[in-house]
Structure formats: C-alpha cells, structure tokens
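*Asks:* Attaching a single structure in structure tokens format; questions to follow.
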Amino acid sequence: MKNYETESTWHYHNGTKHPNGMLLSRFHVYHPSHRPTPYKIYNNAQKINLPLDKNSIGVSALDAISNIIDTNENTVSNIDTLSRILYFSVGITKKIKFEGLGEMEFRAASCTGALYHIEVYVVCSDMPGLDAGVYHFDPENTKLDIIRLGDFRKTILDCTANDQSVRDAQVILIFTDVFARNSIKYQAREYRHAFWDCGTILSNTLAITSAHKIPSKIITGFVDTVPVQLLGLDITKEAPLVIVPLGISKQNIGPNLPLEEVNLEAISSDYEIDYPEINAMHESSCLQSETEVASWRNQISRESQEYDKLTPLEKSIQSLEPLENVILKRGSTRKFSLESITFAQLSTILNKSASGINSDYTNKETILSDLYVIVNAVDGLESGSYYYAKEKNSLQLLRKGNFRHVSGNLGLNQDLPYDASVAIFFMVDLSRVLEKFGNRGYRVAQLDAAIIGGKAYLASYALGLGATGLTFYDDAVTDFFSPYAAKKEVMFLLAIGKKEKPTLHHTSS
Ligand SMILES: Cc1cc2nc3c(=O)[nH]c(=O)nc-3n(C[C@H](O)[C@H](O)[C@H](O)COP(=O)(O)O)c2cc1C
C-alpha cells in the first residue's frame with residue numbers, strides 16, 4: 001500500500017461542504033442573466049459539418065445502461081455513428097423560453113445550473129467520412145473544429161501507460177472542464193460539479209456506444225499534461241478529466257507524431273475568475289509521468305458486509321422505450337407530485353443503473369459508490385431509510401419512518417427532495433478510496449457516483465418517471481445515515497418520483 005498525501009483532498013472536500021465550508025462565501029450571489037456562454041468558440045479553426053440522425057436504432061434505454069450488450073470487436077463505423085455518440089452525450093435536445101432571460105438551450109445530459117462547462121474532444125484514426133485527427137465537438141452548430149490532422153492516438157496511449165483499451169481504440173474521447181463557466185455560480189465547489197456534470201454526460205456516452213455495440217472504458221489515470229498539450233489547453237482555465245477509448249480499431253496505432261504548438265484562437269469562457277482552491281485540488285490530483293500512472297493504476301473492490309432486514313428487489317420491469325427517445329425527453333423534474341412509484345420501478349432503477357462500470361478503477365461488475373435511499377412513497381415498500389445491498393440484490397432497512405422532511409432538509413431545504421418518492425444518496429468511504437488512489441481518488445469517487453446517478457436519471461425516464469440531481473448538506477447526510485454511513489461522504493444525490501404536469505413552454509430543437 002502506498003503512502004499517499006491526501007490532506008489536499010480533505011482540505012478541499014471539507015472546505016466546500018454545505019452549509020459552512022470555509023472555502024465558500026455565504027455572501028456570493030449569482031443571477032442567471034450573468035450566465036456565461038456555454039460553448040467553447042474557435043474563431044479561426046477549420047470546421048467539419050456532422051451529419052445528424054436522431055432516430056432510434058431500437059435498443060431499449062434500460063438495456064443500454066446495464067452492461068448486458070455484447071460490445072466485443074465493434075468499430076465506430078463512420079462519421080455518422082461518431083456524430084450520434086457526440087450528440088446523444090452533449091448535444092442540444094431542447095430550447096426553453098424564460099421570461100426576462102430569453103431562450104435557453106438544454107443538453108442531452110443534466111448539468112448543475114445548466115452552465116454546461118464540460119467540453120468533448122475526439123482523437124481518432126481514419127474512418128469513413130473523417131480523417132485521422134484531433135477535433136473539438138461544437139454542440140451549438142453540430143460541427144467538429146479541427147485542432148490537428150494526423151493519427152495522435154499513440155500520444156494518448158502513452159499517457160495512459162499503455163492501457164489495453166486505448167491501444168485497441170479507434171476513437172478516443174477526452175472530456176474537459178472549463179472551471180469559470182460553473183464557478184461563477186458555485187464558487188470553489190465547482191470542482192465537485194466538474195465530475196458530477198461529466199459523469200451524467202458519460203452515462204449517456206456509455207449508453208449510446210453500448211446501443212451501437214461499441215466497447216468503451218472510463219480511464220481516470222493518465223499523465224495530465226499530455227492531453228493539455230495535445231489539445232492546446234490553458235490548464236489554469238480548462239482541465240482534462242477523463243479519457244474514453246471507443247471501438248476496436250482496424251488500423252494499428254502508429255508512431256508518435258510531433259506535437260507542434262496549437263495556434264488557434266479559442267475562447268473557452270467569456271467570464272473569467274480564478275478560484276485558486278480549484279486549481280490546487282486539480283494539481284494535487286495530477287499524475288506526472290507514465291511510470292506514476294502505471295504504479296497508480298489499481299482496482300478497488302467492494303467491502304464484504306453482514307446484512308440483516310433484507311428486502312429482495314422485485315423483478316426488473318421490461319421497458320422497450322428506446323435510448324434515443326429517453327435521452328431526448330429527459331429533463332430534470334422541476335416539480336414532483338407526492339404520488340408513489342412502485343417497488344418494481346425502484347428495483348429496476350437500482351438494478352440497471354448500479355450494474356457496473358467498465359473502468360480503470362474497478363472491475364466491470366463493480367461500483368465504488370454505496371447507495372443510501374430515503375423511501376418517501378413507494379408502493380410495496382415501507383417508508384424509511386435503506387442501504388442498497390448490491391451483492392444481495394436487496395434493500396437493507398436501516399430505519400422505518402416517514403422521512404420526507406429529512407430528505408427535504410438534506411437536499412438543501414428544497415421542495416424537490418421533499419416531494420420526491422425516493423432520494424438516493426451516493427456515498428463513499430473516502431478515506432479508503434484515498435488510501436488506494438491518493439488525491440486522484442477524489443476524482444474517481446465523484447465520477448463513479450455521477451455516472452451511476454446519470455444512469456438512474458435515464459432509467460427513471462425510461463420508466464415514465466421524473467428525476468433530478470440535487471445538492472446537499474454534506475455532514476447532515478452522513479449523520480442521518482449513521483451509524484451505517486459513519487465513515488462515508490456524500491458524492492451525489494438524485495431524487496426520483498412522478499412529475500407534476502409541466503407549465504414551461506417548450507419549442508422544438
Ligand atoms: C449533480 C446535479 C445537481 C443538481 N442540483 C440541483 C439542485 O440542487 N436544485 C435544482 O433545482 N436542480 C438541480 N439540478 C438540476 C439542474 O438544474 C438541471 O440539470 C439543469 O438546469 C439542466 O436541465 P435539464 O437537466 O432539464 O436538462 C442538478 C443537476 C445535477 C446534475
């Protein structure tokens with residue numbers, strides 16, 4: 001076991017807790033009329049139009065999120081498929097008019113404050129319709145900005161210390177975070193949001209690639225400076241978070257190409273402010289060399305536990321609702337009715353969304369997060385607090401009771417978690433994760449929770465329900481679920497229930 005420095009993570013994590021984290025100002029205000037442009041704009045890049053087909057290919061959303069599709073040996077066959085992967089990850093799916101603010105564009109995946117601070121880049125070999133190169137996806141215009149031409153996959157392969165999925169991949173996606181676009185509202189807590197909002201996008205990316213039978217993997221361990229240089233980023237403003245290799249390439253990866261400086265005029269945010277705590281947390285979780293990546297790479301397993309008071313999950317519901325339809329209709333619920341959902345619906349959501357993530361930090365069937373649930377209104381299940389015993393496919397009753405007021409309170413005193421039928425808190429034993437992964441483990445823990453949360457969003461909509469991510473009072477959540485969760489920290493919160501009829505005016509996208 002390595003002896004990692006983990007003080008930086010505790011400093012950041014404790015300092016950005018609600019309500020009184022010392023890195024957050026209580027006097028900070030944000031008004032939506034100050035929302036920064038949610039797109040990175042390349043003024044002098046050459047652009048490639050992407051074809052866009054939003055039709056369903058007939059795979060159900062529940063199958064697509066649940067790791068059951070055989071994805072072996074499939075390629076990203078052409079630019080059309082690549083375009084669908086990008087669109088169903090971060091594309092514009094709806095436009096809503098708000099009085100005084102005008103029309104706002106919303107995306108395929110949920111995002112805190114609708115600030116859309118995650119950017120996606122493509123590194124690929126030649127494919128029908130697209131030359132090998134390094135590109136930025138422009139979701140506003142459904143185009144690719146050309147950053148470099150040539151096959152640069154070897155650069156990424158090296159920085160992942162030779163990850164086998166990257167070696168095989170035909171396309172490699174790189175997800176980055178533009179700090180200022182989100183910190184304008186959330187201050188230093190932004191660095192948590194980076195992984196939350198990247199995670200909900202990744203749930204879509206994993207689902208759409210799996211619907212196309214294309215293999216994918218979440219890579220969290222890489223030499224951070226390499227994608228920075230390859231993409232020409234200003235690391236103080238925009239940082240790479242995750243690398244996702246896709247598909248099996250028919251073309252062997254070539255030699256390294258020289259990395260000339262990127263001379264493009266790019267504006268990643270029209271609002272600029274630095275929160276040094278974000279940069280410090282990012283830097284302290286960086287990996288410096290291939291040797292460090294290789295020795296960092298590790299797999300965490302779930303701790304075995306004794307359980308009592310188990311209620312087995314009900315059989316999953318077979319919903320045939322296609323993935324694409326679910327992504328197009330998803331939108332965070334703004335008002336839940338107080339009605340119940342069924343235990344079969346809750347069982348399906350838990351079973352499908354927590355089925356496992358193919359990643360460099362766990363094996364494919366495992367998740368890092370522990371799911372704690374407040375059941376407010378579920379037909380066939382007593383109200384109370386529960387722990388999802390994944391290994392037993394059951395819920396363990398922790399405490400019986402009506403905890404609506406508690407879920408409302410824990411979710412920052414908002415109506416949404418009060419009105420919802422269930423609230424799922426994604427928690428981790430952060431000390432254990434940091435012991436295994438050092439400060440980099442903080443990224444892993446946040447991301448794992450957010451990917452499962454994003455899958456649960458999709459599962460809820462596939463079943464005709466509503467859902468919303470929420471923020472929370474950190475230590476109050478731990479206290480409420482203690483002694484069971486005494487050592488655990490909350491990473492993500494999702495409320496699920498039946499939607500009350502929408503009153504907002506939607507226009508077509
Ligand atoms: C991690 C996360 C936390 C969120 N927290 C809140 C919240 O505390 N309150 C709220 O009303 N909405 C919350 N949202 C919902 C976002 O405001 C919503 O995703 C965003 O406006 C984009 O809209 P859409 O999800 O309908 O596409 C959260 C979303 C995410 C992903």
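Read-outs: derived from the displayed coordinates by stated rules, not from any lab. Only a predicted model underlies this, so the values are computations on that prediction, with no experimental measurement involved. Note that we place each Cβ from the backbone using ideal geometry, even for glycine, and neighbour counts take in every protein chain shown.
*Asks:* Under 26 Å between C-alpha atoms is the cut-off here; go through segment 329-414 and count lysine pairs that meet it, provided they're at least eight residues apart or on different chains.
*Replies:* 11
*Asks:* Ranked by Cβ crowding within 10 angstrom, fewest neighbours first, how are LEU24, LEU465 ordered?
*Replies:* On the way: LEU24 19, LEU465 22.
Final ranking by Cβ density, sparse to dense: LEU24, LEU465.
*Asks:* Within segment 330-367, list the trypsin sites (Lys or Arg not before Pro) lying in a DSSP loop whose Cβ has at most 13 other Cβ atoms in a 10 Å radius.
*Replies:* Those satisfying the criteria are LYS364.
*Asks:* What nm value, rounded to one decimal, do you get for the distance between ASP415 and ASP274 when each label is placed 7 Å out toward the C-beta?
*Replies:* My value for the distance between the label points is 4.2 nm.
*Asks:* Would you please name the GluC sites (Glu not before Pro) within segment 82-184 that are DSSP coil residues with at most 12 other C-beta atoms within 10 Å of their C-beta?
*Replies:* Those satisfying the criteria are GLU99.
*Asks:* A further question on this structure: Loop only by DSSP, 14 or fewer other Cβ within 10 Å of the Cβ. Give me the chymotrypsin sites (Phe, Trp or Tyr not before Pro) in segment 321-401 that pass, ordered by residue number.
*Replies:* Within segment 321-401, no chymotrypsin sites (Phe, Trp or Tyr not before Pro) qualify (loop, at most 14 other Cβ atoms within 10 Å).
*Asks:* If R0 is 35 Å, what FRET efficiency do you get for LEU310 and GLU73 from their C-beta distance, rounded to 0.05?
*Replies:* In this case the efficiency is close to 0.35.
*Asks:* Under unit Cβ charges (Lys, Arg +1; Asp, Glu -1), what dipole magnitude, rounded to 20 debye, does the chain have relative to its Cα centre?
*Replies:* 1280
*Asks:* Under 10 Å from the Cβ of LEU328, count the other residues' Cβ atoms, weight Lys and Arg +1, Asp and Glu -1, and hand me the total.
*Replies:* +3
*Asks:* Cα axis of helix 440-462 to longest principal axis of the chain: angle in degrees, 0 to 90, nearest 10?
*Replies:* 70
*Asks:* Set the bar at 23 Å for Cα to Cα. Now go through LYS94/LYS499; LYS95/LYS237; LYS213/LYS250 and name every pair that lies beyond it.
*Replies:* With Cα atoms farther than 23 Å apart: LYS95/LYS237.
*Asks:* Something else about it: For ASP419, what is the net charge nearby, where nearby means another residue's Cβ is under 13 Å from its Cβ and Lys, Arg count +1, Asp, Glu -1?
*Replies:* +2
*Asks:* Something else now. How large is the helix-only mean residue ellipticity at 222 nm for the chain, computed as the sum of -39500 (n - 2.57) over DSSP H runs with n ≥ 4, divided by its residue count, in deg cm²/dmol to the nearest 500?
*Replies:* -9000 deg cm²/dmol
*Asks:* FRET efficiency for LYS364 and ALA294, Cβ-Cβ distance as r, R0 = 25 Å, nearest 0.05?
*Replies:* Once the sixth-power term is evaluated, E becomes 0.75.
*Asks:* While we're looking at this one, here's another question. Just grab the label-to-label distance for SER33 and ARG432, each label 7 Å out from Cα along the Cβ direction, in nm (one decimal).
*Replies:* My value for the distance between the label points is 5.0 nm.
*Asks:* Which whole-angstrom value gives the distance between the alpha carbon centres of segment 412-462 and segment 141-219?
*Replies:* Here the two parts' Cα centres lie 19 Å apart.
*Asks:* Rounded, prolate or oblate: which fits the chain, taking a ≥ b ≥ c as square roots of the Cα gyration tensor eigenvalues, rounded meaning a/c under 1.5, else prolate when a/b beats b/c?
*Replies:* rounded
*Asks:* Antiparallel versus total DSSP beta bridges in the chain: what percent is that, nearest 5?
*Replies:* Beta bridges within the chain, antiparallel portion: roughly 95 percent.
*Asks:* Here's something else I'd like to know. According to a simple spin-label model (label point 7 Å from Cα along Cα-to-Cβ), what is the distance in nm between ASP479 and LYS400?
*Replies:* Reported label-point gap for LYS400 and ASP479 is 2.6 nm.
*Asks:* Excluding SER33 itself, calculate the net charge of residues whose Cβ lies under 13 Å from the Cβ of SER33, where each Lys or Arg counts +1 and each Asp or Glu counts -1.
*Replies:* That sum, taken over residues with Cβ under 13 Å, equals +1.
*Asks:* May I pose another question? When the chain is fully extended, how far beyond the present Cα-Cα distance does ASP234 get from GLU7, taking 0.36 nm per residue of separation?
*Replies:* 79.1 nm
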